[in-house]
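Here is the structure we will look at.
Only the coordinates and a few stated rules stand behind these numbers; no lab work does. Nothing here was measured: the structure is a model prediction, and the numbers come from that model. In this analysis, Cβ positions are derived from the backbone assuming ideal geometry, glycine residues included, and neighbour counts consider all displayed protein chains.
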Amino acid sequence: MSAKSSLSADITTPSLSGLFNTTALVRHSSPLPVSTPAAAAAAVALLQDHKHYLGCNPHMTAHEAIPTPTPAPELPMSVQTASSSSSSSAEWRLFRVTDVVHALPAGLWDTDIVSRYEFCPIERGVFVRIRSPLGIVLESTWTVDETAGTLVEEILIRASRLLVPVLRSQCESGWRDIHRTMLAPLLVLDK
């Protein structure tokens, strides 16, 4: 029988001192299954579809929409510069998401992690900020590069120096399957 515990993100609590935190950048890209302007536009629409995006998360067990706080979250300056989008509160969509994380092999001890997902559409995709317990923040920019015909995912990981290698490893494992699931609806455009 597996044991299960639960962690929830406390958004108002500041993270650990900067001395103990660090960042890491992870970048993945996958070719679009169909390389046409229509396929690129459809891929952007898929990225901006919150239900589709959340459905591509293999660890998610539940999600619910939550109200956007006042003031609304803000896009990082690097994303604002790369996009013509602003980040008004009308554009942000927030969700409380429960993911199951396997703490021990074979499901001997699973942990429910409750995080806040913040979505904001950007010019060629979506910006997603995930706030999790222990001061973990993942900022993902998902874009479609129409010229190269690729889906590009860039993740900035901010967390404790002890957790960043674990988080980086989780980001590196399984991304191909997530990209494949995310782009699967484009296969009908090839017919």
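Per the Kirkwood formula applied to alpha carbons, the range 107-162 shows a radius of gyration over Rh ratio, Rg over Rh, of 1.11.
What number comes out for the charge environment of TYR117, summing +1 per Lys or Arg and -1 per Asp or Glu over other residues with Cβ under 14 Å away? Can you show the working numbers first?
Details: positive: LYS51, ARG93, ARG96, ARG116, ARG129, ARG131; negative: ASP49, GLU64, ASP99, GLU118, GLU139.
Taking every other residue near TYR117 into account, the sum is +1.
Rounded to the nearest Hz, the phi-derived 3J(HN,Hα) couplings of the range 46-62 under the Karplus curve 6.51 cos²θ - 1.76 cosθ + 1.60 (θ = phi - 60°) are 5, 4, 8, 8, 4, 5, 5, 4, 4, x, 7, 7, x, 9, 6, 10, 7, where x marks glycine and proline. Going by the alpha-carbon gyration tensor, a ≥ b ≥ c the square roots of its eigenvalues, is the range 20-85 rounded (a/c under 1.5) or, if a/c is not under 1.5, prolate (a/b greater than b/c) versus oblate? Because its axes are fairly even, with a/c under 1.5, the range 20-85 counts as rounded.
How about the range 128-183: which trypsin sites (Lys or Arg not before Pro) there are in a DSSP loop, with at most 13 other Cβ atoms within 10 Å of their Cβ? Could you put the intermediate results ahead of the total?
Details: sites: ARG129, ARG131, ARG158, ARG161, ARG168, ARG176, ARG180; in loops: ARG161.
Those satisfying the criteria are ARG161.
Among PHE95, PHE127, a tally of other beta-carbon atoms within 10 Å of each Cβ gives an order, fewest to most, of PHE95, PHE127.
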